[in-house]
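Below you'll find the structure, written out as structure tokens, and then a few comments.
Just so it is clear, none of the values below were taken in a lab; they were calculated from the coordinates. Given the structure is predicted, the values throughout are model-derived calculations rather than measurements. Positions of Cβ are backbone-derived with ideal geometry, glycine not excepted, and every protein chain shown enters the neighbour counts.
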Amino acid sequence: MSTVAAYAAPAAKAPLERTTVERRPVGEFDVLIDIKYAGICHSDIHQARDGWGEGIYPMVPGHEIAGLVSEVGPGVTRFAVGDRVGVGCFVDSCRTCEYCEQGLEQFCVKGMTGTYNALDKNGEPTYGGYSTHIVVDENYTVRIPDALALDVAAPLLCAGITLYSPLRHWNAGPGKKVAILGLGGLGHMGVKIADALGAEVTVLSQSLRKKDDGLRLGADHYYATSDPATFERLASSFDLIVSTVSAPLDMDAFLSLLKTDGVFVNVGAPEEPNSLNMGSLIGGRKTLAGSMIGGIAETQEMLDFCAAHGLGSEIELISADQVNEAYERVVASDVRYRFVIDAATI
């Protein structure tokens, strides 16, 4: 075991504070990662504040991790000391169920092991990326291409794959009209990726405040959902809508924007339930779907795609002692578009 510095929430809804946590020894198939950067995801805030249920405390959040390998176990074959690597939302799964065998570890029948706020196979709590080092099995570690700077690559480990996976699964590309609902940490990567895939991209946001950014990031169109005329103007327009919003929506209104056979995919995780009139689906043979991150192979595919197209996250780099202020700003939608912690300041 080794003791490393970290920032943790000591209790639900308590401010994060500097502390130490214990990391397991490097096992046969493990890599020790010297964390360089850790992104702040809204899900970190949900969990640190018990928004999705009771958490495990002290909680070290962070599942957008980028760093360098500093030690490898004797059985490691995929990585060497000095390699640029990343860790996303989970660090283990059963490895034997039908979904793990298909590379869909995020849907593991027995449940994936979260990078933080989870218990590992030994019953020990996992601690995330708001720390200086982490030990991870090589099979749950991905390689960050040289073309991506580590700081802008860190958020790709959640925000990037969360948008890439549904866009690929529902075939966003040339000839498809895709709307990204919400231009935040997730949504801005959705715009970049959908544009790079060749789709016609529209941003749907509460206001036009970020319109210039949306167009700069690759959107072809930008509309304010606070304007009732938007729903009339865009009725039956889209093949695919990906919602990144973490608040309840007027689902009937947004489903009206889909073409026949259109798909509305939710990747946001509101703490409160949504409701809808089933006629909103039946009338156009529409699909209401959900998507959650991606498996290890798809995450690597996403990183390679982003590197090939020069797609990094738009970030605001902060020191670790600014994390509580950053949390409040994320809740207030006051970041463009992802806070990233410089782990050297931990």
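Quick one: Cα convex hull volume of the range 160-290, Å³ per residue? Before the final figure, lay out each step's value.
Numbers: hull volume 12.4 nm³, N = 131.
That works out to 95 Å³ per residue.
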The range 43-185 shape via C-alpha gyration tensor axes, a/c threshold 1.5: rounded
From the cross-link list LYS176/LYS286; LYS36/LYS211; LYS176/LYS210; LYS110/LYS192; LYS176/LYS211; LYS210/LYS286, the entries with a Cα-Cα span beyond 25 Å are LYS36/LYS211; LYS110/LYS192; LYS210/LYS286
Take every DSSP beta bridge whose two residues both sit in the range 101-235, then give the antiparallel share in percent to the nearest 5. 10
Rounded to the nearest whole number, the per residue volume of the convex hull around the C-alpha atoms of the chain in Å³ is 128
Per DSSP helix of 4 or more residues, -39500 (n - 2.57); summed, then divided by the residues of the chain. What does that give at 222 nm, rounded to the nearest 500? -6000 deg cm²/dmol
Cleavage-rule hits (trypsin sites (Lys or Arg not before Pro)) in the range 162-266: DSSP loop, at most 14 neighbouring Cβ within 10 angstrom: ARG209
Distance in Å, no decimals, from the C-alpha centre of the range 45-112 to the one of the range 294-309 is 16
Kindly put HIS169, HIS63 in sequence by how many other C-beta atoms sit within 10 Å of each C-beta, fewest to most. HIS169, HIS63
Can you list the GluC sites (Glu not before Pro) in the range 253-346 that are in a DSSP coil and have 16 or fewer other beta carbons within 10 angstrom? GLU271
Fewest to most Cβ atoms within 10 Å: LEU303, LEU276 sort as LEU276, LEU303
On the formula 1/(1 + (r/R0)^6), with r taken between the Cβ atoms of ARG233 and LEU119 and R0 of 45 Å, the FRET efficiency rounded to 0.05 is 0.35
Calculate, in nm to one decimal, what GLU101 and ALA344 gain on full extension: separation in residues at 0.36 nm each, minus their alpha carbon distance. 83.8 nm
Highest-MSF residue in the chain out of GLY185, GLY111, GLY51 [GNM, Cα springs under 10 Å]: GLY111
Is the C-alpha gyration tensor of the range 30-84 telling us rounded, prolate or oblate? Criteria: a/c under 1.5 is rounded; beyond that, a/b larger than b/c is prolate, otherwise oblate. prolate
With DSSP loop assignment and no more than 13 other C-beta atoms within 10 Å, the trypsin sites (Lys or Arg not before Pro) in the range 44-152 are ARG95, LYS110, LYS121
Between GLU28 and ASP321, how many nm apart are label points set 7 Å from Cα along the C-beta direction? 4.5
If you build a Gaussian network model of the chain, linking Cα atoms that sit under 10 Å apart, which residue out of ALA149, ALA326, ALA159 swings the most? ALA149
Among MET59, MET278, MET302: highest mean-square fluctuation, GNM of the chain, C-alpha pairs under 10 Å: MET278
Return the distance in nm (one decimal) between the two label points of a simple spin-label model at ASP261 and ALA11, each offset 7 Å from Cα along Cα→Cβ. 5.6
Residue separation between ASP334 and ASN171 times 0.36 nm, minus their alpha-carbon distance, gives in nm 55.5 nm
Calculated FRET efficiency for the pair ASP220/GLU272, C-beta based, R₀ 45 Å, to 0.05: 0.90
